[in-house]
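Since the structure comes first, as structure tokens, the remarks are kept for the end.
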Amino acid sequence: MAGRKGNTDQSYTPLGTKAPTWSSPQATRRRNIDNFFNPIEQGDKSLRLSDSRPPQKSKAQLDVEAAATEARESQRLKYKAQAGASFFSSVEGGGNSLHLTSGRVCGQNNPADRSPESPSKPVEEQPVETEQTEDKNQDARKESLTLPLEGQTSEDETKKRPKKEGGELGGDEMRGLLYSNVSVEEPSSETAQNRLLIKGGRIVNADRMFDADIYIEDGIIRQIGENLITPGGAKQIDAKGKLIIPGGIDTHTHMEMPFMGTRAVDDFYHGTKAALAGGTTMIIDHCLPQKNQSLLEAYEDWSTRAAERACCDYSFHVGITWWSEEVKKEIEVLCKEKGINSFKMFMAYKGLFMLNDDEIYQAMCALKEQGALALMHAENGHLINECCKKMLALGITGPEGHELSRPEEVEEEATTRAIVIANQAQCPLYIVHVMSKSAANAITKARREGKVVFGEPIAASLGVDGTHYWDKDWSHAAAYVMGPPLRPDTTTPGYLMDLLANGDLQLTGTDNCTFNPDQKALGRDDFTKIPNGVNGAEDRMSVIWEKGVYTGKMDPCRFVAVTSTNAAKIFNFYPKKGVIQIGSDADLVIWDPNATRKISKDTHHHAVTVNIFEGMVCHGVPLVTISNGRIVWEDEQLHVTQGAGRFVARGVHAAEAYAKILIRDKVRVPQGVDREAYDGPVWNSANAPANNISKSAPKPTFSQDRPSTRHGHRDLHASGFSLSEMGPRYSGNQVDDNVRAKVGHKVLAPPGGKTSIIF
Ligand code: URP
Ligand code: ZN
Ligand code: ZN
């Protein structure tokens, strides 16, 4: 054992990956290595190491292990036999759909493995879903409960992971974080059930691709490298010829959201199940308070809903749907105590969620104060209201009226306005669901001017267009109704993909908010009553691969960036997620770039009965999805546990959003002018208010006698005021000025002057 320990160090060398925040990296690493091979003594919960001899095993134990090894070996050979051609050769050579056969995973469905938030809730009661493989799953559960693995002590000693990851971060500790601290748990010899070894794949991170094996234990990536030395009992997956990518992160969902007189049909269970089947392992959902509802109350309600049903990890954006001092205080609590760092506002949905510009500005100032990110639904709600009336008056009541009443420029105008307001508040801004070329151009322009703004196109805007609103079949057309609408300009999806590929847009979500045809039919006589929302959570990854990578617009690294990494960075949970590196969560996908799949409502895993991508054939198929170290999707079968998903708490001041802004706060402070006090005559407004000068009023000291220009402005060329009368230090304030005109500035602390930036 001692000799093996010496060799294992190599296998821990991350291949160019940077280890996350370890508590004393060297020491921890050493402990981890020891820990893998030295079982903890029975009953000893501390990490005291026993001597290096393997524990004595009973004959029964050895028999079970031998049987399990045999089963694993035959499984491995099966995988190997079916492994396909390499990514690049096959992309050229066309599709090649290969599927891994189903394999059992020790403990993957074992309810005893879960980390119940409340001990009073018996874990056995948690529904475990395996589609079409109920019996197999039963076996897997049994196996996981009875098969003692190396290093395992007893079932009741199974280490429970805290349900709320990062929940212990609170108060001031949440502040000032650039990237979230990732504390890596010790691999526990007590829970040897969740060991996976992925062999032979090509790892794709946002920065590079490389070939290496991955060893996972207890939901964490423990080793990356070649010829890894790993403890026994790990399930092996042969990923030869496949890519291994970080699990997708869907930045924008509305699971079970009550909206427009009904409730989204994909709840946290169905929605996350569908996401996992499509290679997405984390969602950021929207918790939207009703008008005048406490944000904290809404947050608690949403937390309960997600905790009960979500099958994958999740976090929340909280909505600012009304504005008051109370809301401001609650934002602070949410940031400091609840792990929320992003807040969504609406410029549309007048009378429901919409805020006015002054409220948006104040809210953004409050977010800036906390180090949070402002999310914006950017459409001009006032205009939409008027245009809807106009369309209905014209007799246009069908789904096409939805697009006609909120055309591109309505989205573009609001996008630009949001950017201006955010820039004034010096708050980073994130435009959700970018649906049009002109809105995307507005974001691009702002970014090139140096403004801190991010753009999120969604699967729908990248995959389909708005011509569907003109479909003769009402139900078909209504299925695509969402706000902002898809655009009838058929070049829009390709254009948005170009911008996403080249970096002008940064990441992707789905806005998954699904309604069945009978719910959409609430608006059969009036398009304004059609519940807004479409699907996307399951298909986003494949649609983006098909339209982005398969077309040659982006490479696999950029694909990873826009489907996962950038989300983790912008929302501040990188490198916990969004990257395959030692210490990160084992959320990954074995991706077959050569296989194809046809999207259909008949095979998808959503609760909704329609699919806006119906019939689309996509290259790029998730063969295996691993969520927190467990295989949850394999061989086209789901193995999910309702409620297994954990809340991901996020700290404020994400580097991606705030690094530049914090510097600007130091170097771009507005400076007043140091000047002598004015001691000249002052207009007596009691005699003649400036805005009501009548001929009979006494003449002001300085008057404008010349006529205005034809636009009603003062003609400065013809102005009769004299600077010399005022002296060189004074500007030419005139009676028709409400604000002071520009003066020659004497800048006390010019930009670039003294700063002391502390991050
Ligand atoms: O149509 C949409 N987008 N429905 C969900 C709510 C929203 O605006 O994001
Ligand atoms: Zn929206
Ligand atoms: Zn939305």
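Which entries of LYS344/LYS389; LYS273/LYS598; LYS344/LYS368 have Cα-Cα distances beyond 24 Å here? From the list (LYS344/LYS389; LYS273/LYS598; LYS344/LYS368), the Cα-Cα distance tops 24 Å for LYS344/LYS389. When only the Cβ of Lys, Arg, Asp and Glu is charged (+1, +1, -1, -1), the dipole of the stretch 247-360 relative to its Cα centre reaches about 220 debye. Judged by the mean number of other Cβ atoms found within 10 Å, the most tightly packed of the peptides 514-522, 390-398 leads the ranking 514-522, 390-398. Coupling constants for the stretch 364-371 follow from the phi torsions by the Karplus curve (6.51 cos²θ - 1.76 cosθ + 1.60, θ = phi - 60°), and in residue order they are 5, 4, 5, 5, 4, 4, 8, x Hz; glycine and proline get x. Only the Cβ atoms of Lys and Arg (+1) and of Asp and Glu (-1) were treated as charged; on that basis the dipole of the stretch 561-607 about its Cα centre amounts to roughly 120 debye. Entry note, the stretch 285-430: relative contact order of 21 percent, from Cα contacts under 8 Å with a spacing of 6+ residues. Entry comment: accessible area of the stretch 354-441 is 34 Å² per residue, from protein heavy atoms only and a probe of 1.4 Å. Amide H contacts of MET257: ALA264, each under 5 Å away and 5 or more positions distant or on a separate chain (H built 1.01 Å from N in the peptide plane; Pro and chain starts excluded).
The 3J(HN,Hα) values that the Karplus relation (6.51, -1.76, 1.60; θ = phi - 60°) gives for the stretch 643-649 are, in residue order, x, 6, x, 10, 6, 9, 7 Hz. Gly and Pro appear as x. For GLU379, the residues 5 or more places off, or on other chains, whose built amide H falls under 5 Å of its own are MET347, ALA348.
When the charge dipole of the stretch 555-633 is built from unit charges on Cβ atoms (+1 for Lys and Arg, -1 for Asp and Glu) and taken about the Cα centre, the candidate among PHE573, SER600, CYS557 whose Cα reaches farthest toward its positive end is PHE573. I'd like the carbon and sulfur percentage of the solvent accessible area for the stretch 269-383, probe radius 1.4 Å, heavy atoms only, ligands and nucleic acids excluded. Taking all protein chains in place, the stretch 269-383 shows 47 percent carbon and sulfur surface. Based on the Cβ-Cβ distance of ASN684 and GLU409, what FRET efficiency does E = 1/(1 + (r/R0)^6) give at R0 = 45 Å, to the nearest 0.05? Once the sixth-power term is evaluated, E becomes 0.40. Extension gain for ASP635-LEU394 works out to 81.5 nm (0.36 nm per residue, less the C-alpha to C-alpha distance). Summing Cβ point charges (Lys, Arg +1; Asp, Glu -1) relative to the Cα centre of the stretch 299-399 gives a dipole of roughly 340 debye.
When you restrict to C-alpha pairs under 8 Å that are six or more residues apart and normalise by the size of the stretch 385-466, the relative contact order lands at 27 percent. Between LYS445 and LYS240, full extension at 0.36 nm per residue minus the direct alpha carbon distance yields a gain of 69.5 nm. Per-residue 3J(HN,Hα) values for the stretch 533-548, derived from phi via the Karplus relation 6.51 cos²θ - 1.76 cosθ + 1.60 with θ = phi - 60°, read x, 9, 8, x, 4, 7, 9, 3, 4, 5, 5, 6, 4, 4, 7, x Hz in sequence order (x marks Gly and Pro).
In this structure the amide hydrogen of LEU623, modeled in the peptide plane, comes within under 5 Å of the amide hydrogens of ILE590, TRP591, ASP592, none closer than 5 places in sequence on its chain.
The values are calculated or read from the model by the stated rules, or taken from the named source; none is laboratory data. Worth saying up front: this structure is predicted, and the values here are computed from it rather than measured. Glycine gets a Cβ as well: all are built from the backbone with ideal geometry, and neighbour counts include every protein chain shown. The accessibility values were calculated without ligands, DNA or RNA, using every heavy atom of the protein model including side chains. Shrake-Rupley method; radii C 1.70, N 1.55, O 1.52, S 1.80 Å.
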